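Contents: one structure, followed by commentary.
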Amino acid sequence: MALKIIGITGQVGSGKSTVADIMKDKYGAHLILTDVIAHELMKKGAVCYQLIVNYFGKGIVDEVGEIDRSKLSQIVFHDSEKLADLNDMVHPYVMNYAFDEIRRLTKENKVDYVVIETALLIEAGYKEICDEVWAVTVSSKVRKERLSRSRGYSDEKIESILKNQLKDEIIRENATGIINNNGTIDEIIKQIELLLVK
Ligand SMILES: CC(C)(COP(=O)(O)OP(=O)(O)OC[C@H]1O[C@@H](n2cnc3c(N)ncnc32)[C@H](O)[C@@H]1O)[C@@H](O)C(=O)NCCC(=O)NCCS
Ligand SMILES: Nc1ncnc2c1ncn2[C@@H]1O[C@H](COP(=O)(O)OP(=O)(O)OP(=O)(O)O)[C@@H](O)[C@H]1O
């Protein structure tokens, strides 16, 4: 079977990581997680660190010199110009990393699936390299309950992030498959099974 590249996207807290984890555990997919890559590249000493600290100032740095992501998130999700500047500092490096990884995996040809999980699949141009794009969608009520319980996110924080993301409808229009995540994990698994035999 030829390697298949599946992009998994959706708004904040829709369940992208949950779907990606199922793909890894049940189907041995290799995961490329852009949030995790971005976080790594922002660590002290990594390639994006100094760019970000120079731009946002020492106020976003914690007592051990690391970028305090909750402080940075307070700034950028309330100021779309600053978010765009942060994106410009981080995305080229994240994309380089992700594309290198895909080239390596394609050459090795050892896995059936590579999953790219990112909130910015459409905006950042990952879509073009994906064989399939799955949009994970959840109701606003369920999203709020889950993110409040698991991460302590306030409704205000969720709204501020959503304002900087594509509308769910647009994300779904750009997808080849849709996963409704208002139910249980088993219900996600059934939907994945259907998408994979499609
Ligand atoms: C703003 C930051 C510091 C917040 O970090 P924090 O650990 O608090 O949150 P986390 O990274 O889990 O993101 C929270 C939610 O916002 C979404 N999100 C992250 N960055 C962006 C962005 N640039 N635009 C829209 N949504 C975003 C995430 O996908 C997630 O749904 C961090 O997300 C960041 O540095 N973002 C810019 C880099 C980026 O775009 N990364 C994501 C894809 S490359
Ligand atoms: N079907 C489900 N049943 C119960 N809890 C779920 C389900 N799907 C996701 N969750 C929980 O909801 C929260 C958000 O899910 P997840 O982290 O997968 O979303 P995400 O889209 O990757 O988030 P982000 O946009 O921040 O990257 C997590 O705590 C996760 O465990």
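The values are calculated or read from the model by the stated rules, or taken from the named source; none is laboratory data. Not measured: the values here are computed from a predicted model. Here the Cβ positions follow ideal geometry from the backbone for every residue, glycine too, while neighbour counts run over all protein chains shown. Protein only, heavy atoms only, side chains kept; ligands, DNA and RNA dropped before computing areas. Shrake-Rupley method; radii C 1.70, N 1.55, O 1.52, S 1.80 Å.
The figures follow:
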{"quantity": "Failed item in (1) touching a residue at least 12 places away in the same chain (Cβ under 8 Å); (2) open to solvent by less than 80 Å² (accessible area, probe 1.4 Å); (3) part of a helix (DSSP H, G or I), with LYS71 passing the rest", "calculated": "(2)"}
{"quantity": "Sole exception among (1) within 16 Å of ligand 2 (Cβ to nearest atom); (2) surrounded by 17 or more Cβ atoms within 10 Å (Cβ to Cβ); (3) not small (Gly, Ala, Ser) for LEU105, by number", "calculated": "(1)"}
{"quantity": "Selected residue (only one of VAL94, VAL136, VAL114 is within 17 Å of ILE6 (Cα to Cα), open to solvent by less than 10 Å² (accessible area, probe 1.4 Å), of a type outside the set (Gly, Ala, Ser) and within 16 Å of ligand 2 (Cβ to nearest atom))", "calculated": "VAL136"}
{"quantity": "Filtered residues of the stretch 153-164 (kept if open to solvent by 60 Å² or more (accessible area, probe 1.4 Å) and either more than 12 Å from ligand 1 (Cβ to nearest atom) or without any contact (Cβ under 8 Å) to a residue 40 or more places away in the chain (or both))", "calculated": "ASP155, GLU156, GLU159"}
{"quantity": "Cross-chain or 6+ apart pairs with Cβ under 8 Å, the stretch 1-15 first and farther than 18 Å from LYS163 by Cα, then hydroxyl-bearing (Ser, Thr, Tyr) and part of a loop (DSSP other than H, G, I, E, B)", "calculated": "GLY7/THR118; GLY7/TYR126; ILE8/THR118"}
{"quantity": "PHE56 being surrounded by 13 or more Cβ atoms within 10 Å (Cβ to Cβ) and within 16 Å of ligand 2 (Cβ to nearest atom)", "calculated": "no"}
{"quantity": "Residues of the stretch 165-179 classified as touching a Phe, Trp or Tyr at 6+ places or on another chain (Cβ under 8 Å) and open to solvent by less than 40 Å² (accessible area, probe 1.4 Å), total", "calculated": "3"}
